[in-house]
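*Asks:* Sharing a structure with you now.
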Amino acid sequence: MKVKELKQIIGFLSKADLEELEVVVKIHGIYNTEPSVKIISAYTGFDWGHGKFMLVPEKELTEKEETP
């Protein structure tokens, strides 16, 4: 997703709705649940992250090696 696509999605919401929404990242849950992690900060990347818009989660998220 590009930032312009995110801006477009946010643009469809009314201003009043946006002010009270919690920003989260959905993570895969078991048993058809929808767990999420709050976003606490955002910034534009530099060095290794150049050209990216970074979201900082409240909890550390790590990659899981997929099993075949």
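*Asks:* So for the chain, considering every pair of alpha-carbon atoms, how many percent are separated by more than 16 Å?
*Replies:* On the way: 1489 of 2278 pairs.
Of all Cα-Cα pairs in the chain, 65 percent lie more than 16 Å apart.
*Asks:* Put +1 on the Cβ of each Lys and Arg and -1 on the Cβ of each Asp and Glu in the chain; which of 43, 25, 62 then has its Cα farthest toward the positive end of the dipole?
*Replies:* Farthest towards the positive pole: 43.
*Asks:* Compute, for the chain, the length of the dipole vector about the Cα centre, with Cβ point charges of +1 (Lys, Arg) and -1 (Asp, Glu) only. Units Debye, rounded to 20.
*Replies:* On the way: 9 positive and 12 negative charges, 59 e Å.
Roughly 280 debye, rounded to the nearest 20.
*Asks:* Please return the longest stretch of the chain lacking exposed loop sites, where trypsin sites (Lys or Arg not before Pro) count only if DSSP places them in a loop and at most 15 other Cβ atoms lie within 10 Å.
*Replies:* Of all site-free stretches, the longest is 3-51.
*Asks:* Just need the relative contact order of the chain here, percent rounded to a whole number, with Cα pairs under 8 Å and 6+ apart.
*Replies:* 20 percent
*Asks:* Only loop residues by DSSP count here, and only those with at most 12 other Cβ atoms within 10 Å; note down the GluC sites (Glu not before Pro) in the range 3-44 that meet that. Display every interim value, and only then the final one.
*Replies:* Working: sites: 5, 19, 20, 22; in loops: 22.
Answer in residue order: 22.
*Asks:* The range 12-52: which chymotrypsin sites (Phe, Trp or Tyr not before Pro) are DSSP loop and have at most 13 other beta-carbon atoms within 10 angstrom?
*Replies:* Answer in residue order: 12, 31, 46.
Each value in this text was obtained by applying a stated rule to the coordinates, not by laboratory testing. Remember, it's a predicted structure, so these values are computed and weren't measured experimentally. No Cβ is skipped: glycine too gets one built from the backbone with ideal geometry, and neighbour counts run over all protein chains shown.
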